[in-house]
Amino acid sequence: MALRYLITGATGGLGKHVLNYFVENIPFSEFAAASSNSQNISKFEDRGIAFRHVNYDDPQSLETGLRDVENLLFVSSSGYSRGEQHARVINAAKKAGVKHTTVTLPADGEVAFTSRPELGEATARIMIRGGYENQIVLFTAEETTTAKELVDILNDSTGRQVKLNLVSREEYLDTHSIHDQRGKPREHFEWIATIWDEITKESLRTIHPLMHEILGREPTKPRDAVRKLLTDNKDYTFLQDCMQELAISDSRIS
């Protein structure tokens, strides 16, 4: 029996919000959640959500997990070997006969930071609505902000005295690879550094109206999202290498 929608990365920052929208709006029989960790099965099946094990590094799990899937949300991975992983997933999707694949790509200068819950909702809506085949779809908020502006909001909202210190690329790599709480390799932070390289070139300041159209409302401004997050929880601490509820995303639908 065909599965209409499969959502990968369902425990991650974007995938979980896409899944939440499906739970609230689509019959459970039409979608399933996927994760690279098979031990996550109870997190979904306890909620009545079907589960499939999909590991981007395991061709057999890709072959099994993508079988009979019509629409795949492929939430891209991060890290040094992501190019090989992405090729593996796309080839497996073609082999399995997946009709439509929605691919998400991760993203001091101006950045159109966007609320992850809203990215999840917009991604789910466009998967369900259809259209935009073989096009790159860009979802962004409708204003840009800088790291310095976000730090100022953090200090104003919490009373902290956080200082933004701009360092060289090598110092950034050394500091984060040595002190990362999760022990991620230096290659991971080299990849993160390439994003900041693009930010300094103003490559991530693009604003697009499509998200407003898909949501039917104005997307949350990045400053407002951070201010609300910190007002609700003044002790909130951002992870070392990402911002949990802000992101920038584009998607290719094929």
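The values are calculated or read from the model by the stated rules, or taken from the named source; none is laboratory data. Given the structure is predicted, the values throughout are model-derived calculations rather than measurements. With ideal geometry, Cβ positions are generated from the backbone for all residues, glycine too; neighbour counts draw on all protein chains shown.
So here's what we get for this one:
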| read-out | value |
| --- | --- |
| Residues satisfying the stated conditions in segment 168-213, i.e. basic (Lys, Arg) and either modelled with pLDDT of 80 or more or within 21 Å of ILE136 (Cα to Cα) (or both) | ARG169, ARG186, LYS201, ARG205 |
| Qualifying residues in segment 121-136 (those that are modelled with pLDDT of 90 or more and buried (at least 16 other Cβ atoms within 10 Å of the Cβ)) - the one farthest from THR200 (Cα to Cα) | ILE128 |
| Residue match in segment 177-198 (condition: more than 30 Å from VAL69 (Cα to Cα), surrounded by 20 or more Cβ atoms within 10 Å (Cβ to Cβ), touching a Lys or Arg at 6+ places or on another chain (Cβ under 8 Å) and not basic (Lys, Arg)) | no |
| Failed item, numbered, when GLU143 is tested on (1) exposed (fewer than 14 other Cβ atoms within 10 Å of the Cβ); (2) modelled with pLDDT of 85 or more | (1) |
| Pair list, Cβ < 9 Å and 6+ apart or interchain, from segment 142-159 residues that are more than 12 Å from LYS221 (Cβ to Cβ) and in a loop (DSSP other than H, G, I, E, B) to residues that are basic (Lys, Arg) and at pLDDT below 85 | GLY159/LYS234 |
| Residue within segment 25-43 that is among the basic types (Lys, Arg), farther than 15 Å from SER76 by Cβ and buried (at least 17 other Cβ atoms within 10 Å of the Cβ) present | no |
